[in-house]
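Novice: Handing you a structure now.
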Amino acid sequence: MVKLGVNIDHVATVREARKTFEPDPVEAARESEAAGCDGIVCHLRKDRRHINDRDLEKLKEAVTTKLNLEMSVDPEIVDIACGVKPDQATLVPEKRQEITTEGGLNVVSNFERVREVVQRLLHSDIEVSLFIDPEPEQVKASKGTGAKIIEFHTGRYAEEFNVGGDYERELSNLREMTRFGLKEGFIVCAGHGLNYSNVTPVARIEGMYELNIGHSIISRAVFVGIAEAVRLMKGLME
Ligand code: PXP
């Protein structure tokens, strides 16, 4: 069965709106785990707009499933990751002004730097995933970095789905790229923009290992609580 990683960044976003102590992302992680998620995801951004260094340390202590740290290849963040040692690091592109991660990491054009960071993380006993667009050249380039996991950016699929566009075309590309990723020996995951309406077709892709979902779960949690929001998402994925 496909696994669910819950991204709890936006619990910290609400906290940072007031620069106070609540809501606590660590509490959100604990409740999500109790509700049956398979991993906790957080993104330590250079501008610390939501998750901060202390949150990351506390999450490392508290998470009992799998802690997956999304991070850029920025040297400061790489040093922090190697010190904290989350179970997994997912390398993502990061631009200061963006609202959220726009597009996947361009492994083709940043190959040397990506490979260097992957190797350093692996030597620190951290599993590494690369967040890439579902394109064959990105999958091929990822292979040479030493990473064993790839996560496909599902933003294009989600956008098409949400506006009633040609999401079937994006879905069939995701299926094809998943087959290709598996053939190349990767564990294949996906995420970004997935929600309660569009998740099921992606969860049904043969060979899909894990979906990482944040914004829609935290949004639903405002109304039903995070445990119920996680259970509802798991139900749709099953
Ligand atoms: N996976 C990765 C690598 C991401 O960067 C994000 C966004 O932080 C997600 C999954 C989750 O995206 P969303 O918040 O749209 O569910």
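Novice: From Ser109, Ser124, Ser72, grab the single residue that is touching an Asp or Glu at 6+ places or on another chain (Cβ under 6 Å) and of a type in the set (Ser, Thr, Tyr).
Specialist: It is Ser72.
Novice: Any chance you could count how many residues in segment 46-56 are surrounded by 14 or more Cβ atoms within 10 Å (Cβ to Cβ) and assigned to a helix (DSSP H, G or I)?
Specialist: Qualifying residue count for the region: 2.
Novice: I need a count of the residues in segment 166-186 that are more than 20 Å from Val199 (Cβ to Cβ) and not in a helix (DSSP H, G or I).
Specialist: So the answer is 3.
Novice: Could you please find all residues in segment 192-220 being on the phi > 0 side of the Ramachandran plot and within 14 Å of the ligand (Cβ to nearest atom)?
Specialist: Once the filter is applied, which keeps residues that are on the phi > 0 side of the Ramachandran plot and within 14 Å of the ligand (Cβ to nearest atom), segment 192-220 yields His192, Gly193.
Novice: Follow-up. Those residues that are under 19 Å from Asn212 (Cβ atoms) and more than 16 Å from the ligand (Cβ to nearest atom), I need them from segment 155-172; list them, please.
Specialist: Leu171
Novice: Something else: Test Ala29 against the criterion of being among the small types (Gly, Ala, Ser) and surrounded by fewer than 19 Cβ atoms within 10 Å (Cβ to Cβ), and give yes or no.
Specialist: No; evaluated as a whole, the condition is false for this residue.
Novice: In addition: Filter segment 101-149 down to residues that are among the hydroxyl-bearing types (Ser, Thr, Tyr) and within 21 Å of Phe180 (Cα to Cα), then give me how many there are.
Specialist: 4
Novice: Hey, does segment 125-137 have a residue that's at pLDDT below 95 and surrounded by fewer than 16 Cβ atoms within 10 Å (Cβ to Cβ)?
Specialist: no
Novice: Could you tell me which of the residues Phe223, Phe180, Phe152 is surrounded by 19 or more Cβ atoms within 10 Å (Cβ to Cβ) and either within 11 Å of the ligand (Cβ to nearest atom) or of a type outside the set (Ser, Thr, Tyr) (or both)?
Specialist: Sole residue among the options that is surrounded by 19 or more Cβ atoms within 10 Å (Cβ to Cβ) and either within 11 Å of the ligand (Cβ to nearest atom) or of a type outside the set (Ser, Thr, Tyr) (or both): Phe152.
Novice: If you take the residues of segment 138-149 that are away from the ligand (no atom under 12 Å from the Cβ) and within 12 Å of Gln88 (Cβ to Cβ), which of them is surrounded by the most Cβ atoms within 10 Å (Cβ to Cβ)?
Specialist: Looking at the filtered set, the residue picked out is Ala147.
Novice: Exactly one condition in (1) over 20 Å from Gly5 (Cβ atoms); (2) among the small types (Gly, Ala, Ser); (3) not in a loop (DSSP other than H, G, I, E, B) is false for Ala227; which is it?
Specialist: Only one criterion in (1) over 20 Å from Gly5 (Cβ atoms); (2) among the small types (Gly, Ala, Ser); (3) not in a loop (DSSP other than H, G, I, E, B) is unmet by Ala227, namely (1).
The values are calculated or read from the model by the stated rules, or taken from the named source; none is laboratory data. Here the structure is a predicted model, which means the values were calculated and not measured. Reconstructed Cβ throughout: ideal geometry from the backbone, glycine too, with neighbour counts over all protein chains shown.
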